[in-house]
């Protein structure tokens, strides 16, 4: 994951320098209203306990934006994140925990599009919003000692800076790649869902699950594809 982040940042820096050497680059006049979407795979980077509990499967967002002066824009959107329990919980505990976690959220987006070539532009934006999350598959046997009235839902505020590179393939359509970092105020709680009942270590000499650090919000990097569609006036 780190090498992907490095390559994308390096590419953005190189494009910025290249554009400055040739002077301002004039791109097409982007439409006032546009649809923006991003799809990717989230990578948990916050607490050790959260990373050892779930892994990212899919992340997506969809929204509409309105262009202001100077290619600045604001918009509204919806995002969705899906995670599954780590293999240890799905295969090596009794009872097996085939759990998943899903997040739904709404956000306000503020950003800026910058052309570094006539047919290519970068987008730097910030999402700010609220997410509701829910755990599925916490089906412990009623006779088991881990059975409890677990809190399967939560809500949190999040901020998500994002950078992307897009290439125009049609007068009103562009695609490319994006990288984002989502910081969520919610702190993961293994106790809320009963995972603390299944302490483990990768090797006998390593710390158990319950001794892992848990001092950060439920945050993640997402690397994936991005799409832009502008609604041209007829």
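Values quoted throughout were computed directly from the atomic coordinates according to the rules given, and no laboratory measurement underlies them. As the structure is a prediction and not an experimental result, all values here were calculated from the model. Because the Cβ atoms are built from the backbone with ideal geometry, glycine has one as well, and the counts that use them run over all protein chains shown.
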Virtual spin-label span in nm between residue 29 and residue 57, 7 Å along Cα→Cβ: 4.7 nm
Estimated D of the stretch 40-230 in µm² per second, where Rh is the Kirkwood radius over Cα pairs and Stokes-Einstein applies at 37 °C, 0.692 mPa s: 180 µm²/s
Virtual spin-label span in nm between residue 167 and residue 150, 7 Å along Cα→Cβ: 4.5 nm
Spin-label model distance (nm) - residue 92 vs residue 66, 7 Å beyond Cα toward Cβ: 5.3 nm
Proportion of all alpha-carbon pairs of the stretch 49-133 beyond 22 Å (%): 48 percent
Ranked 228, 135, criterion: other C-beta atoms within 10 Å, fewest first: 135, 228
Extension gain (nm, one decimal) between residue 210 and residue 229, 0.36 nm per residue minus Cα-Cα: 2.2 nm
